[in-house]
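Report on the following structure.
The values are calculated or read from the model by the stated rules, or taken from the named source; none is laboratory data. For clarity, every value in this text was computed on a predicted model and none was experimentally measured. Quick reminder, even Gly has a Cβ in these numbers, built from the backbone with ideal geometry, and neighbours come from all protein chains shown.
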Amino acid sequence: MPFDLKSYLAHYKKRVDALLKEVIEMEPEPAKKVCEAMQYSLMAGGKRLRPILMISSAKALEKDESIVMPAACAIECIHTYSLIHDDLPAMDDDDLRRGKPTCHKAFNEAIAILAGDGLLTLAFEVLSSDWSKSPWDINYIDPMCKIEAINLIARAAGIKGMVGGQCADIETEGKTIEEKTLYYIHSHKTAAMIQVSLEAAALLCNANRRDREALAKFGFNLGLAFQIRDDLLDIEGDEKQIGKPIGSDIKKQKATYPALFGIEGAKKRANELIKDALSYIEHLGDEATPLRAIAQYIIYRDK
Ligand code: GRG
């Protein structure tokens, strides 16, 4: 029977959503507001792609998916923090995200900044907590692998990853840039967090060096292709599907693959990246079917 990616994504999105719902403990008044804002953005929708990539990596390595669940929740918290801060007036100044008012519109700017800070730090609280205690009940993680995974996630989220890429993105707005600068922006801003979702999952599953490197390379290519598709959706996507207005890159004179290479050139590049990505995990068995299907979906997704 052909693999049903749509049902697979829907099933795991539901599982991740259920865990995320429990991850924020409400503080009493007057600090309750920031928890509400964190909850609002975390539960405002979202494909849960990064957590699902972690789960699919565990499957590809023939490991129990529960091993990566706390880290999958943490990665989604980091991702949501980055979206909240990216939407702020000082950054992209967007009113809509995931089809709903952005955090600073639904609350206010100060609360949105704090909600982002709260989600980023909560991620590391979850990552560094004792997973053998409820609700996780995971007893079989090598502590050194866990520390290395946390270290990799911190690097991918910080100046050597997403924060560095976001800074380069802001600094080059309105300027003509070369391909290598665009590559720096995309690989740091977007690909780093997607790559680390796979590599950290490999570490938590105690993968051998070959599998870990293969998943890391696969993840990096997926991340770049994901960003190229994101750039294309900003030109030819459907606003209702995406949940925010299109055309913002052109309006803000952002450097993108379609701007540099044209729509067809960008599509060709994304296809090449996915072809190479699939070659890195060729040696993995049928258990890697979900990862392969997600890779194909990345370049055809409509939201
Ligand atoms: C503020 C440090 C900091 C970084 C912001 C995430 C980001 C970096 C900017 C958001 C703008 C953008 C278009 C980023 C690249 C692609 C991307 C991350 C899109 C959103 O991810 P999806 O499509 O979103 O997985 P959902 O809503 O499905 O979770």
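Figures for the structure shown
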item	result
Odd one out for ALA207, checked against (1) crowded, with 18+ Cβ neighbours inside 10 Å; (2) at pLDDT 95 or above; (3) part of a helix (DSSP H, G or I)	(3)
Condition check for GLN195: within 16 Å of the ligand (Cβ to nearest atom), closer than 16 Å to LEU291 by Cα and crowded, with 22+ Cβ neighbours inside 10 Å	yes
One residue from LYS146, LYS175, LYS160 being touching a residue at least 24 places away in the same chain (Cβ under 8 Å), within 16 Å of the ligand (Cβ to nearest atom) and either over 27 Å from ILE24 (Cβ atoms) or part of a helix (DSSP H, G or I) (or both)	LYS160
Tabulated pairs, region 126-139, first within 14 Å of ILE67 (Cβ to Cβ) and among the polar types (S, T, N, Q), second modelled with pLDDT of 75 or more and surrounded by 10 or more Cβ atoms within 10 Å (Cβ to Cβ), C-beta under 6 angstrom, 6+ apart or interchain	ASN139/SER132
Hits in region 5-44 (condition: free of Cβ contacts under 8 Å to residues at least 40 places away in the same chain and in contact with a Leu (Cβ under 8 Å, 6 or more places away or on another chain))	MET43
Scan of region 88-116 for residues that are within 11 Å of the ligand (Cβ to nearest atom) and within 28 Å of GLU148 (Cα to Cα), ordered by number	GLY116
Some residue of region 103-121 being touching an Asp or Glu at 6+ places or on another chain (Cβ under 6 Å) and either surrounded by fewer than 20 Cβ atoms within 10 Å (Cβ to Cβ) or not aromatic (Phe, Trp, Tyr) (or both)	yes
Long-range neighbours under 6 Å by Cβ, at least six apart or interchain, first residue without any contact (Cβ under 8 Å) to a residue 40 or more places away in the chain within region 104-118, second crowded, with 16+ Cβ neighbours inside 10 Å and not hydrophobic (A, V, I, L, M, F, W, C)	GLY116/TYR81; GLY116/HIS85
Complete set of residues in region 42-58 that are crowded, with 20+ Cβ neighbours inside 10 Å and at pLDDT 95 or above	LEU42, ARG48, LEU49, ARG50, PRO51, ILE52, LEU53, MET54, ILE55, SER56, SER57, ALA58
